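One structure is given below, encoded as structure tokens.
The values are calculated or read from the model by the stated rules, or taken from the named source; none is laboratory data. Worth saying up front: this structure is predicted, and the values here are computed from it rather than measured. Backbone-built Cβ (ideal geometry, glycine too); neighbour counts: all protein chains shown.
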Amino acid sequence: MPSPLGIRITGTGHAVPDRILTNADFVRMVDTTDEWIRERTGILERRIVGDGESTATLATDAARRAIENARLTAKDIDAIIVATITPECPFPATASFVQHAIGAPEIPCFDVCAACSGFIYGLVVASNLLHSPAFSNILLIGAETLSRITDYQDRTSCILFGDGAGAVVLTRTQNGGSSALLNWRLHSDGSGANMLWVPAGGSRLPASQMTINERLHYMKMQGREVYKFAVKRMLEMVEQTVHEAGVRPSELAMIIPHQSNKRIIESARQKLNVPESKMYTNIERFGNTSAASIPIGLDEVRRDGRVRDGDLVLLVAFGAGLTWASALLRL
Ligand code: UT7
């Protein structure tokens, strides 16, 4: 088990676009019903970017809120990491756009591409950077504009996804372990890479008239297969992570799972025997926002007082890659 690190989450923030896409909107676009979407996914509405909005603008808004919440300024930030699968552009990193927008110094800025597990991957990377005296405050953001890669002609996937960003400031503590990343797990299995992916637009299949005609720049998902993988891994992650840390699930103040599908979350909740109040969901309002879903949730529960300093919080995610990950935090 990795050793505890002397880090604290000193600030959180999130940002979502104003524009709302309801289930009724989908009934007008594809062969579906409000009832099917509610029952199969738990989603009522999602937020979608409009003109002038992008992954970097959402990430920047979330970042400003997190920095303010930490009572810091952009000048205090020593590195920026953005977890995303919908970057501002293929390169440079979305983190570079955020750095310029918030006026941070000439610090390391890079992106992490681990899909829905990206925020937890970024958390582990940031925590390890904080071992070095070169870093005191790291800005970690999960930001997505999935609407830009969603095929609104594909009813099996388009109903799931939304846009948003969540950010945290991680700060190295002077006294070591007063609060910490207590345990974590990061996994991937590339044999499932094409179960959830965007086939074209990279080196494998560069953009061409054919790739556009074939709609290969949109996300393709084998929903049922990914569903089975997610249910299995979510349960396994929670059980292993708390067990290794010597914590009982009943000691957790909150589990914040990646918001993929309400049924996946509910299935794990029932098997773990966790009360509804301790299994966080916001998928009803935001849909599946990939790397953004966990930091949005973390900000919401911190700000509305559902979790407090000293509480144990478990983050758990799974998604494209395939990847899966968990992090046990003491706030
Ligand atoms: O973010 C990380 C990774 N992503 C996930 O974790 C998502 C995982 N997968 C899922 O959430 C679910 O598989 C979906 C929500 C995508 C689909 O739900 P499902 O219960 O697995 O449906 P299904 O694919 O088994 O399809 C059941 C039926 C099919 O019809 P037939 O073959 O039984 O006649 C589909 O064609 O539902 C049909 N269907 C729809 N019907 C109305 C599929 N999409 C829709 C739709 N509206 N939007």
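Identify the residue in segment 304-331 that is assigned to a strand (DSSP E or B), of a type in the set (A, V, I, L, M) and more than 16 Å from the ligand (Cβ to nearest atom) and, among all such residues, is farthest from Val226 (Cα to Cα).
The residue in question is Leu312.
Can you list residue pairs whose Cβ atoms sit under 7 Å apart, with the first residue in segment 148-174 being within 30 Å of Ile138 (Cβ to Cβ) and the second being among the aromatic types (Phe, Trp, Tyr)? Count only pairs 6 or more apart in sequence or on different chains.
From segment 148-174, the pairs are Ile149/Tyr218; Gly162/Phe286; Gly164/Phe286; Arg172/Phe135.
Mind checking which helices (runs of 4 or more DSSP H) fall wholly inside segment 24-115 and carry at least 2 residues that are free of Cβ contacts under 8 Å to residues at least 24 places away in the same chain? Talk me through it step by step, then tell me what you get.
On the way: elements: 34-41, 55-69, 94-102.
Result: 34-41, 94-102.
Does Gly11 count as small (Gly, Ala, Ser), surrounded by 14 or more Cβ atoms within 10 Å (Cβ to Cβ), within 30 Å of Ser132 (Cβ to Cβ) and more than 21 Å from the chain's Cα centre (by Cα)?
No; evaluated as a whole, the condition is false for this residue.
Could you count how many residues in segment 126-154 are at pLDDT 95 or above and farther than 12 Å from Ile80 by Cβ?
So the answer is 13.
Please count how many residues of segment 79-99 are surrounded by 19 or more Cβ atoms within 10 Å (Cβ to Cβ) and more than 18 Å from the chain's Cα centre (by Cα). Even if it seems obvious, please write down each step before you answer.
So the first thing to find is which residues in segment 79-99 are surrounded by 19 or more Cβ atoms within 10 Å (Cβ to Cβ), and the list is 79-88, 93-95, 97-99.
Keeping just the survivors that are more than 18 Å from the chain's Cα centre (by Cα) gives 79, 97, 99.
Number of matching residues: 3.
Could you list, ordered by first residue, the pairs with Cβ atoms under 7 Å in which the first is in segment 280-305 and free of Cβ contacts under 8 Å to residues at least 24 places away in the same chain and the second is of a type in the set (Gly, Ala, Ser), at least 6 apart or interchain?
Partner pairs satisfying both residue conditions: Asn282/Gly297.
Each row is one residue, and each column tells you yes or no for (1) of a type in the set (Gly, Ala, Ser); (2) surrounded by fewer than 16 Cβ atoms within 10 Å (Cβ to Cβ); (3) within 20 Å of the chain's Cα centre (by Cα).
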site: Leu216; (1), (2), (3): no, no, no
site: Glu239; (1), (2), (3): no, yes, no
site: Glu251; (1), (2), (3): no, yes, no
site: Pro257; (1), (2), (3): no, no, yes
site: Ser260; (1), (2), (3): yes, no, yes
site: Arg269; (1), (2), (3): no, no, yes
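Do we have Thr22 as more than 13 Å from the ligand (Cβ to nearest atom) and either within 30 Å of Ser127 (Cα to Cα) or among the acidic types (Asp, Glu) (or both) here?
no
From the residues in segment 156-169 that are in a strand (DSSP E or B) and aliphatic (A, V, I, L, M), which one is nearest to Trp36 (Cα to Cα)?
My answer is Ala165.
Considering only segment 142-155, I want to know if a residue exists there that is of a type in the set (Asp, Glu), surrounded by 15 or more Cβ atoms within 10 Å (Cβ to Cβ) and in a strand (DSSP E or B).
For segment 142-155, residues of a type in the set (Asp, Glu), surrounded by 15 or more Cβ atoms within 10 Å (Cβ to Cβ) and in a strand (DSSP E or B): present.
For every residue, the table says whether it meets (1) among the hydrophobic types (A, V, I, L, M, F, W, C); (2) in contact with a strand residue (DSSP E or B) (Cβ under 7 Å, 6 or more places away or on another chain); (3) touching a residue at least 60 places away in the same chain (Cβ under 8 Å); (4) part of a helix (DSSP H, G or I).
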residue: Leu186; (1), (2), (3), (4): yes, yes, yes, no
residue: Pro199; (1), (2), (3), (4): no, yes, no, no
residue: Glu225; (1), (2), (3), (4): no, no, no, yes
residue: Gly246; (1), (2), (3), (4): no, no, no, no
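Is there any pair linking a residue in segment 257-268 that is under 12 Å from Leu235 (Cα atoms) to one that is of a type in the set (S, T, N, Q), with Cβ under 9 Å and at least six apart or on different chains, and which?
Note: pairs meeting the criteria are Pro257/Thr281; Pro257/Ser293; Ile265/Gln259; Ile265/Thr281; Glu266/Thr281.
Any residue in segment 31-47 that is closer than 30 Å to Leu139 by Cα, in the same structural domain as Ile141 (by TED's automatic domain parsing), more than 16 Å from the ligand (Cβ to nearest atom) and surrounded by fewer than 20 Cβ atoms within 10 Å (Cβ to Cβ)?
no
Considering Gly223, Gly201, Gly192, Gly287, which residue is within 12 Å of the ligand (Cβ to nearest atom) and more than 19 Å from Trp324 (Cβ to Cβ)?
So the residue among Gly223, Gly201, Gly192, Gly287 that is within 12 Å of the ligand (Cβ to nearest atom) and more than 19 Å from Trp324 (Cβ to Cβ) is Gly287.
Does Glu284 meet the test of being modelled with pLDDT of 95 or more, surrounded by fewer than 23 Cβ atoms within 10 Å (Cβ to Cβ), charged (D, E, K, R) and closer than 16 Å to Val231 by Cβ?
Criteria not met by Glu284.
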